[in-house]
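These notes concern the structure reproduced below.
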Amino acid sequence: VILRRVQTDVIAFRSFVDGHLSKVPNKGKIYSINEGNAKNWDEPTKKYVERCKFPEDGSSPKSLRYIGSMVADVHRTLLYGGIFMYPADKKSPNGKLRTLYEVFPMSFIMEQAGGQAFTGTERALDIIPTKIHQRSPIFLGSFDDVEEVKSLYAFNEANQAT
């Protein structure tokens, strides 16, 4: 009975997403992050934000839009594309947002709309929580924007291994 209810809810949710959002753009012109924490970011996050501000291909920079409310920032990302980031940093090495009731719901919505959700090490929805209030870093948004972040983390990991 519970499984049937979950299946029905997922189908209804997909219908809602398809009817109201259709699909998040593959690439956006907006990035959303609290730049007040920049001094504590890891190298991949610093590099990505640098690329947003000063694109290597000479194209126009992305616009920073950060409200400070995850729901509002992710909603804008769903509508216009781009990326929402709340990375791990020196002060919060496990991230700040709660996995079960912040990271998971927004990651599910973003993926249903065609985007991605990444923690810096794995797909956000692949986390197996061990605590009710467990925290996680998150990068979620347009498929191509998150893919670029993933490539920076992979490059950083490969360089640290050598």
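No value in this document is a laboratory result; all are computed from the given coordinates. Owing to the predicted nature of the structure, the values given are computational and were not obtained by experimental measurement. Here Cβ is always computed from backbone atoms with ideal geometry, including for glycine, and neighbour counts include all displayed protein chains.
Here's how it looks for Ala117: its modeled amide H is under 5 Å from those of Ala124, which are all 5 or more places away or on a different chain. Straight-distance candidates among the lysines for linking to Lys39, with alpha-carbon spacing under 25 Å and chain neighbours fewer than 8 residues away dropped: Lys29, Lys47, Lys53, Lys62, Lys90, Lys91, Lys96, Lys150. Summing charges over all other residues whose Cβ lies under 9 Å from the Cβ of Gly82, with Lys and Arg as +1 and Asp and Glu as -1, gives +4.
Largest GNM mean-square fluctuation across Gly141, Gly95, Gly36, computed for the chain with C-alpha springs under 10 Å, falls on Gly36. Computed 3J(HN,Hα) for the stretch 52-62, one whole-Hz value per residue from the Karplus formula 6.51 cos²θ - 1.76 cosθ + 1.60 where θ = phi - 60°, is 4, 6, 10, x, 5, 8, x, 6, 5, x, 6, glycine and proline marked x. Annotation note: GluC sites (Glu not before Pro) in the stretch 48-128 located in DSSP loop regions with a Cβ neighbour count of at most 16 within 10 Å are Glu56, Glu122. Here is how the number arises for the chain: DSSP H runs of 4 or more residues each give -39500 (n - 2.57), the sum is divided by the residue count, and the result at 222 nm is -13500 deg cm²/dmol. Of the trypsin sites (Lys or Arg not before Pro) in the stretch 97-145, the ones in a loop by DSSP (not H, G, I, E or B) with at most 10 other beta carbons within 10 Å are Lys131. Looking at the chain, the DSSP beta bridges with both ends there are about 75 percent antiparallel.
Looking at the square roots a ≥ b ≥ c of the eigenvalues of the Cα gyration tensor of the stretch 2-161, which shape do they give, rounded for a/c under 1.5, prolate if a/b is larger than b/c, or oblate?
Oblate, since a/c reaches 1.5 and b/c is not below a/b.
Can you tell me the FRET efficiency between Glu35 and Ile132 if r is taken as the Cβ-Cβ distance and R0 is 45 Å, rounded to the nearest 0.05? Efficiency computed from Cβ-Cβ geometry: 0.90.
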